[in-house]
Amino acid sequence: MSKIIRNLTILTVAVLLSSCSLLDERPTTSLSETAVFKTEEGLESLITGCYQAFREKYLWCGQLYEFLQEASLLVHWKGDRTTENFQQCLDMTFYSTNTVNQEAFKDLYAAINRCNNILTNIGDSPVSEDFKNEIKGEARFLRAVLYFNAVRMWGDLPLVLSSPRNLEEANIPRSSYLDVYRQILEDLDYAETNMRDFDRQVEATGERGRACKWAASSYKALVYLQIASILYSPDDQPFRDRPDFKNCGVEDEKAAWTKALECAEKVIEKGPYRLADNYCDLFKWETTADHLLRERIFALNSSNLKGYSSYCQYTLPNYPAGTAQVSAKASNYGRTRPERWVFQTWASRYGGMLGSGRGDGLTGVFVSCGDPRFDASYIHTSYYNQNKQANVKIYPSSGCVSGIVAGSDQDKFAPYFKKYLHPAYNANNGEADFYMMRFAELYLIAAEAAASLSTSVGDSFWNKALQYVEVIHARARKSVAEGREEALFPSWEDKVFSSKEELVSAIFWERLFEMSGEGHEFFDMRRRGAQWVIDNITRPFNEFLQKEEQGPNIKSPVEGTGYWQTSYFGRVFPTDVESVRKSLLLAFPDQEIRTNAAIDYKDQNPYIIR
């Protein structure tokens, strides 16, 4: 755990943790410890530093976003890669020595330590108790979000709740994931009570984009959704301790779904948020108003917090129209791409059109979708390359569907994400914000919880789930250019679900469509355990990969079929519980095991590959 004590805050000087040998030696001001904690302005600076910590190189705005996405099997990686990291993505996990795995762990704990630094030292501050409680509430909210992401990645964790003063205090054993969830909920309860409400946050900071107490309420809904999902299939989970959340006040699966629904409905009915009128408005980044929509619950605001925003470069094509990238080449462009399976599934469900008269002779390729969110989310078919001053054909255009090989075909084999296209993007970073949570997700949480509480087709919970999804669908259908008629899709008006399992699976896909490319894929596909992954991800994905569309004249490893997507190296994804269970958690980082005296190799996660 000695590695966690670094990067305390951009406004905190080295004397705060002078006993730590790995403290970041790059403070940007000379404020003393006393000055930082003495004034309201100093405390605000410390909280700003906590938000900044979310944007480190190996967290959401950098490589953690990229690698978790690909490990979901719902997002692709550019090119025909054989690197170790990519191979581990195809195993849907990362091994203990994986660089991204280890660096993300360190950056997460560095961010947690920034929160702990405030909570440890704020008691003696001379500012008013009310102001201190607001700051403590916000620090505990951010700490809860960090631990929630960490526990979903690694399971059992060292539960560090104060800023360590020496290396001995930094050597902490792993606590059961059950205790981590209890702490997350305790932090969110405190935050819900003590954080500023929406108007007070605007008054205090002049910002409408910063999280308020309703963000804590929203995350409680998501945490209970996660707990309920685990209890849905306790025997398919990867943990050493059997799931039992009575320590969190949750008696059983039904109680967890009930709490998730109640928390979500509280925010929907009483909170300060509202859906943007047009889905496309969520991904405009040109004006100040674009960054301040009421749909934002918690967003990493790149226009105010400079730092890594690699998701811009990783998801966009080279020289895309509408940006400042005209001459300088982005070497890492398009590394994170929408999976063709997701593209085809989305198009097939909502009014997609099959290509006809194709030069490649393929007849089963959807080339469009009737859902307005689709074109707001993806760059597909072609895009204008400002450097070449020409349109470049990409998937699913004719000639861009066959096997993926090195070279220029890396540009063509899959669509690109569109959400992070920013006018100032110039081959490095853009100023597109990153949504950690937005209001639409609360409707989808409520829908899934209600569907899971249903006991028969058409009962009150069943209908409530449909109603919440319809709110999202109605906004999507209206998200068309001014002067155009409302779209016909998405709609479930003619859809008949015959079972709760079918409805829940459909809501999962709705989460994927609504929030495509926003970083939820890795967590959502794992929540309900190994058998759910098999039924909804690996088995149907294997079936898709055997279709002719995935690469004519490419030999398949599956006897009796003739097609396989070459970028997967002939891989058949596992369809047995034991194999899939190995991928539900990341391996606990080797570096932490070696440097933390309270953790041994016997403490490694069960079922882990290595």
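See the values below:
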item	result
In sequence order, calculated HN-Hα J values of the stretch 175-186 (Karplus, 6.51, -1.76, 1.60; Hz; x Gly/Pro)	8, 4, 4, 5, 6, 5, 4, 4, 5, 4, 5, 5
Degrees separating the helix 439-453 axis from the principal Cα axis of the chain, which is the longest one	80
Loop-located trypsin sites (Lys or Arg not before Pro) in the stretch 244-306 whose Cβ has at most 14 other Cβ within 10 Å (DSSP)	Arg274, Lys306
Angle in degrees between helix 253-270 and the longest Cα principal axis of the chain, rounded to the nearest 10	80
Low-density loop cleavage sites - GluC sites (Glu not before Pro) in the stretch 457-538, where at most 11 other Cβ are within 10 Å (DSSP)	Glu482, Glu485, Glu486, Glu493
Mean separation of Cα contacts under 8 Å (6+ apart) over length of the chain, as relative contact order %	17
Candidate residues Val504, Val457: accessible-area rank, largest first, probe 1.4 Å	Val457, Val504
Selection from Gly359, Ile599, Asn247, by position along the positive dipole direction of the chain (Cβ)	Gly359
Point-to-point label distance, Glu486-Glu44, nm (Cα→Cβ direction, 7 Å offset)	4.3
Shape of the chain, Cα gyration tensor, a/c cut at 1.5	rounded
Sequence-distant aspartates and glutamates (8 or more away, or on other chains) whose Cα lies within less than 15 Å of Lys495	Glu470, Glu510
Charge context of Ile118, other residues only, Cβ under 10 angstrom, K/R +1, D/E -1	+4
Carbon and sulfur %, accessible surface of the chain computed with the full protein complex present, 1.4 Å	46
Charge tally in the Cβ shell below 14 Å around Leu316, where Lys, Arg are +1 and Asp, Glu are -1, Leu316 excluded	+3
Charged-residue dipole, Cβ positions (Lys, Arg, Asp, Glu), the chain about Cα centre, Debye nearest 20	1040
Over 18 Å between alpha carbons, listed pairs Lys78/Lys106; Lys57/Lys213; Lys136/Lys213; Lys220/Lys419	Lys78/Lys106; Lys57/Lys213; Lys220/Lys419
Selected from Gln386, Phe434, Pro173, residue furthest toward positive end of dipole (the chain; charges at beta carbon)	Gln386
Accessible area expressed per residue, the chain, with surrounding protein chains retained (probe 1.4 Å, Å²)	37
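The values are calculated or read from the model by the stated rules, or taken from the named source; none is laboratory data. The model shown is predicted, which means the values in this text are computed figures rather than measured ones. Because the Cβ atoms are built from the backbone with ideal geometry, glycine has one as well, and the counts that use them run over all protein chains shown. Heavy atoms of the whole protein, side chains included, go into the accessibility calculation; ligands, DNA and RNA do not. Shrake-Rupley method; radii C 1.70, N 1.55, O 1.52, S 1.80 Å.
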